[in-house]
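**Q** One structure, as structure tokens, below. Some questions next.
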Amino acid sequence: MKTTEQIPELVRALYRTVAEFHKLFPDRPFTPDGHLVGSLGEVIVAHDYNLKLLPPSREGYDALTADGKRVEIKITQGTRVALRNRPDYLLVLKLRADGTVEEAYNGPGAEPWAQSCKMQKNGQRPISLGKLKVLMKSVTEESKIKKNL
């Protein structure tokens with residue numbers, strides 16, 4: 001059985017290690033990114049929202065709710081995320097160095113897709129967490145993916 005209660009401490013340990021590397025080599029970036037942060041976000045969200053994760057790199061969505069809703073999961077340490085497709089539902093989190101997360105957006109994906117920037121050469125459409133937080137204000141409770149209590 002997988003447990004996610006260890007995630008905050010493991011993330012704190014990771015960032016302590018990153019800080020040590022930075023002390024030794026201050027001119028090099030050691031920010032965890034890419035697949036590591038994405039996978040962390042997916043397991044955190046799957047646990048916190050009782051979602052079934054699908055195999056990695058699935059186009060358009062990462063998980064399913066118990067009633068079959070398709071959910072795209074995004075997590076960032078920065079100020080924006082990028083979308084490749086219009087998601088049915090979108091959950092966006094901000095990962096903090098202490099291992100905790102902040103929900104930036106939880107709801108239908110149509111409006112974030114419509115409000116995201118134009119398609120870039122890499123096939124992605126960026127959207128800022130600030131814009132997502134504004135959009136989140138208009139999402140009804142019934143439209144959100146329910147979080148475990």
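**Q** For Tyr61, all conditions in the list (1) among the aromatic types (Phe, Trp, Tyr); (2) in contact with a strand residue (DSSP E or B) (Cβ under 6 Å, 6 or more places away or on another chain); (3) farther than 29 Å from Lys137 by Cα hold save one; what is the number of the exception?
**A** (3) is the only condition that Tyr61 fails.
**Q** Among the residues of the range 94-123, what is the count of those that are closer than 30 Å to Ala13 by Cα and either among the hydrophobic types (A, V, I, L, M, F, W, C) or modelled with pLDDT under 90 (or both)?
**A** Start the filter on the range 94-123 by keeping residues that are closer than 30 Å to Ala13 by Cα, which leaves 94-106.
Filter again for either among the hydrophobic types (A, V, I, L, M, F, W, C) or modelled with pLDDT under 90 (or both), leaving 95-101, 104.
The total comes to 8.
**Q** Go through the range 45-56 and give me each residue that's in contact (Cβ under 8 Å) with a residue 60 or more places away in the chain and either of a type in the set (A, V, I, L, M, F, W, C) or touching a Gly at 6+ places or on another chain (Cβ under 7 Å) (or both).
**A** Our first condition is that a residue be in contact (Cβ under 8 Å) with a residue 60 or more places away in the chain; within the range 45-56, this holds for 47-51.
If the condition is that a residue be in contact (Cβ under 8 Å) with a residue 60 or more places away in the chain and either of a type in the set (A, V, I, L, M, F, W, C) or touching a Gly at 6+ places or on another chain (Cβ under 7 Å) (or both), then Leu51 is the only one that fits.
**Q** To continue, here is another question. May I ask you to list the residues in the range 40-63 that are within 22 Å of Asn148 (Cβ to Cβ) and either of a type in the set (A, V, I, L, M, F, W, C) or loosely packed, with under 15 Cβ neighbours inside 10 Å (or both)?
**A** From the range 40-63, those within 22 Å of Asn148 (Cβ to Cβ) are 40-54, 61-63; that's our starting set.
Once the filter is applied, which keeps residues that are within 22 Å of Asn148 (Cβ to Cβ) and either of a type in the set (A, V, I, L, M, F, W, C) or loosely packed, with under 15 Cβ neighbours inside 10 Å (or both), the range 40-63 yields Leu40, Val43, Ile44, Val45, Ala46, Asn50, Leu51, Lys52, Leu53, Leu54, Ala63.
**Q** Confirm whether Leu40 is among the hydrophobic types (A, V, I, L, M, F, W, C) and touching a helix residue (DSSP H, G or I) at 6+ places or on another chain (Cβ under 6 Å).
**A** Details: among the hydrophobic types (A, V, I, L, M, F, W, C): yes; touching a helix residue (DSSP H, G or I) at 6+ places or on another chain (Cβ under 6 Å): no.
When the stated conditions are applied, Leu40 does not pass them.
**Q** Separate question: Would you please name the residue that is nearest to the chain's Cα centre (by Cα), looking only at residues in the range 31-44 that are in contact (Cβ under 8 Å) with a residue 40 or more places away in the chain and in a helix (DSSP H, G or I)?
**A** First, pick out the residues of the range 31-44 that are in contact (Cβ under 8 Å) with a residue 40 or more places away in the chain: 31-33, 37, 40-41, 43-44.
Checking the rest, the ones that are also in a helix (DSSP H, G or I) come to 37, 40-41, 43-44.
Numbers: Val37: 8, Leu40: 8, Gly41: 5, Val43: 10, Ile44: 9 Å.
Checked the range 31-44; the qualifying residue nearest to the chain's Cα centre (by Cα) is Gly41.
**Q** Let me ask something else. What's the total number of residues in the range 43-58 that are closer than 15 Å to Val92 by Cα and at pLDDT 85 or above? Break it down into steps so the answer makes sense when it comes.
**A** Filtering the range 43-58 for residues closer than 15 Å to Val92 by Cα gives 43-49, 51.
Next, from what is left, pick out any that are at pLDDT 85 or above: 45-49, 51.
Final tally of qualifying residues: 6.
**Q** Another question, if that's okay. Name the residue that is surrounded by the most Cβ atoms within 10 Å (Cβ to Cβ), counting only residues in the range 118-148 that are in a helix (DSSP H, G or I) and in contact with a strand residue (DSSP E or B) (Cβ under 7 Å, 6 or more places away or on another chain). Lay out the reasoning, then the answer.
**A** Step one: of the range 118-148, the residues in a helix (DSSP H, G or I) are 129-136, 141-143.
Keeping just the survivors that are in contact with a strand residue (DSSP E or B) (Cβ under 7 Å, 6 or more places away or on another chain) gives 129, 132-133, 135-136, 143.
Values: Leu129: 20, Leu132: 24, Lys133: 15, Leu135: 20, Met136: 18, Ser143: 11.
Checked the range 118-148; the qualifying residue surrounded by the most Cβ atoms within 10 Å (Cβ to Cβ) is Leu132.
**Q** Select from the range 45-56 the residues that are part of a helix (DSSP H, G or I) and more than 17 Å from Leu132 (Cβ to Cβ) and list them in ascending order.
**A** Going through the range 45-56, the residues part of a helix (DSSP H, G or I) turn out to be 45-49.
Residues satisfying the conditions are Ala46, His47, Asp48.
**Q** While we're here: I'd like the residue in the range 1-30 that is part of a loop (DSSP other than H, G, I, E, B) and hydroxyl-bearing (Ser, Thr, Tyr) and, out of all such residues, is surrounded by the fewest Cβ atoms within 10 Å (Cβ to Cβ).
**A** Let us first name the residues in the range 1-30 that are part of a loop (DSSP other than H, G, I, E, B), namely 1-6, 25-30.
Add one more test, that the residue is hydroxyl-bearing (Ser, Thr, Tyr), and what stays is 3-4.
On the way: Thr3: 7, Thr4: 14.
Of everything passing the filter in the range 1-30, Thr3 is surrounded by the fewest Cβ atoms within 10 Å (Cβ to Cβ).
**Q** I need a count of the residues in the range 106-117 that are part of a loop (DSSP other than H, G, I, E, B) and of a type in the set (Asp, Glu). Walk me through it before giving the result.
**A** Within the range 106-117, the first condition is being part of a loop (DSSP other than H, G, I, E, B), and the residues that meet it are 109, 116-117.
This time we only want the ones that are of a type in the set (Asp, Glu), so: none.
Matching residues across the range 106-117 total 0.
The values are calculated or read from the model by the stated rules, or taken from the named source; none is laboratory data. Quantities reported herein were computed from a predicted structural model and do not represent experimental measurements. Don't worry about glycine lacking a Cβ; one is built from the backbone with ideal geometry, like all the others, and counts go over all protein chains shown.
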